[in-house]
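Chemist: One structure is given below, represented as structure tokens, and several questions about it will come after.
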Amino acid sequence: DVKVTQSSRYLVKRTGEKVFLECVQDMDHENMFWYRQDPGLGLRLIYFSYDVKMKEKGDIPEGYSVSREKKERFSLILESASTNQTSMYLCASRLDRVLSNQPQHFGDGTRLSIL
Amino acid sequence: SQQGEEDPQALSIQEGENATMNCSYKTSINNLQWYRQNSGRGLVHLILIRSNEREKHSGRLRVTLDTSKKSSSLLITASRAADTASYFCATGLPTTSGTYKYIFGTGTRLKVLA
């Protein structure tokens, strides 16, 4: 079974801090994704990566950056955390870059609170 | 904007009843997927239906797809308390990098009462 591991289940940070959320997958997947999930808004795509050092903006990239230095690890960075970034963050991975018929595998999420 | 929208937003039924959730999407698709999310957990893939399929079954799950109406439905038969979760549909959109990004709807919260 594919395992997607997010480094923290709960995280509390202060406004203005630089925040790192880490995600690791163990199945050599090409694609990795970061979503945020808010009540009533569903999942919104922040950034994704289709290869090492390659990334593409999702629907709500403002205030975030990402890093993928190794295939198995995808980091989400909040450059200067703000209270409106309080949310549940979900990481996902998917095997193939080109095919659209494959399931995404999700981590259990990081609930981030910015005070 | 969201590619998929689920309806209803919330659904409460008794154990043993059937639960039906609907999803509408906006553009042409290759396939549509359904996922489940238990409270406080990540999403888990349930079933995929291709654009040339009209119906697909997996255990107690039945998915239909109507591409002319750009809609899909997920039916859970003989529901159990353990089916209590949120259910999301997802469709893939091509990106400039040649891959696909999946767009998820807002989800249906299902509560099955014992």
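The values are calculated or read from the model by the stated rules, or taken from the named source; none is laboratory data. For clarity, every value in this text was computed on a predicted model and none was experimentally measured. Ideal geometry is used to build each Cβ from the backbone, glycine not excepted, and the neighbour counts take in all protein chains shown. All accessible areas refer to the heavy atoms of the entire protein, side chains included, with ligands and DNA or RNA removed. Shrake-Rupley method; radii C 1.70, N 1.55, O 1.52, S 1.80 Å.
Chemist: Across segment B:17-27, in residue order, what do the Karplus-derived ³J(HN,Hα) couplings come to in whole Hz, using 6.51 cos²θ - 1.76 cosθ + 1.60 with θ = phi - 60° and x for Gly and Pro?
Modeler: Coupling constants for segment B:17-27: 7, 8, 10, 10, 10, 10, 9, 10, 9, 10, 10 Hz.
Chemist: For labels at A:Leu115 and B:Thr27 in the simple 7 Å Cα→Cβ model, what's the distance in nm?
Modeler: The two pseudo-label positions are separated by 4.3 nm.
Chemist: Averaging over all projection directions, find the projected area of the Cα convex hull of segment B:4-113 and quote it in nm² with one decimal place. Show your work: numbers first, answer last.
Modeler: On the way: hull surface 27.6 nm².
The orientation-averaged projected area of the Cα hull of segment B:4-113 comes to 6.9 nm².
Chemist: Same structure, new question: Just to check I understand the Karplus step: with θ = phi - 60° and J = 6.51 cos²θ - 1.76 cosθ + 1.60, what whole-Hz values come out for segment A:89-106, glycine and proline as x?
Modeler: Each residue of segment A:89-106 in turn: 10, 10, 9, 9, 9, 8, 5, 9, 6, 9, 7, 9, 10, 10, x, 9, 10, 10 Hz.
Chemist: Right, another one. Taking the Cα-to-Cβ direction at B:Arg80 and at A:Val12 and moving 7 Å from each Cα, how far apart do the two end points lie in nm?
Modeler: Reported label-point gap for B:Arg80 and A:Val12 is 3.8 nm.
Chemist: Something else about it: Taking the Cα centre of chain A as origin, work out the dipole magnitude from +1 charges on Lys and Arg Cβ and -1 charges on Asp and Glu Cβ, in debye rounded to 20.
Modeler: Values: 17 positive and 16 negative charges, 55 e Å.
Rounded to the nearest 20 debye, it is 260 debye.
Chemist: So if each residue of separation counts as 0.36 nm, and I subtract the Cα-Cα distance between A:Val52 and A:Val2, what length gain in nm does that give? Please list the in-between numbers first.
Modeler: Details: separation 50, 0.36 × 50 = 18.00 nm, distance 1.90 nm.
Roughly 16.1 nm would be gained on extension.
Chemist: Please compute the per residue accessible area over chain A with all protein chains in place, 1.4 Å probe, rounded to a whole number of Å². Walk me through the numbers before you get to the answer.
Modeler: Values: 5470 Å² over 115 residues.
Heavy-atom SASA per residue in chain A reads 48 Å².
Chemist: Then there is this: For chain A, calculate the relative contact order in percent as a whole number, restricting contacts to Cα pairs under 8 Å that are 6 or more residues apart. Before the final figure, lay out the partial values.
Modeler: On the way: 301 pairs, mean separation 41.1, N = 115.
Worked out over chain A, it gives 36 percent.
Chemist: Using DSSP to call loops (not H, G, I, E or B), can you name the GluC sites (Glu not before Pro) in segment A:17-115 whose Cβ has at most 10 other Cβ atoms within 10 angstrom? The partial results should precede the final answer.
Modeler: Working: sites: A:Glu17, A:Glu22, A:Glu30, A:Glu56, A:Glu62, A:Glu69, A:Glu72, A:Glu79; in loops: A:Glu17, A:Glu30, A:Glu62, A:Glu72, A:Glu79.
The qualifying sites are A:Glu62.
Chemist: Okay, which of segment A:22-59 sit inside 12 Å, backbone N to the point 7 Å along the Cα-Cβ direction of A:Ile77?
Modeler: Taking a point 7 Å out along Cα→Cβ of A:Ile77, no residue of segment A:22-59 has its backbone N under 12 Å.
Chemist: For segment A:1-86, which trypsin sites (Lys or Arg not before Pro) are in a loop by DSSP, counting at most 11 other Cβ atoms within 10 Å?
Modeler: Answer in residue order: A:Lys3, A:Arg9, A:Arg14, A:Lys18, A:Lys53.
Chemist: Right, here's the next one. Suppose every Lys and Arg Cβ carries +1 and every Asp and Glu Cβ carries -1, with no other charges. What dipole size does segment B:4-113 come out with about its Cα centre, to the nearest 20 debye? Could the numbers behind the result be given before it?
Modeler: Numbers: 14 positive and 9 negative charges, 45 e Å.
The calculation lands at about 220 debye.
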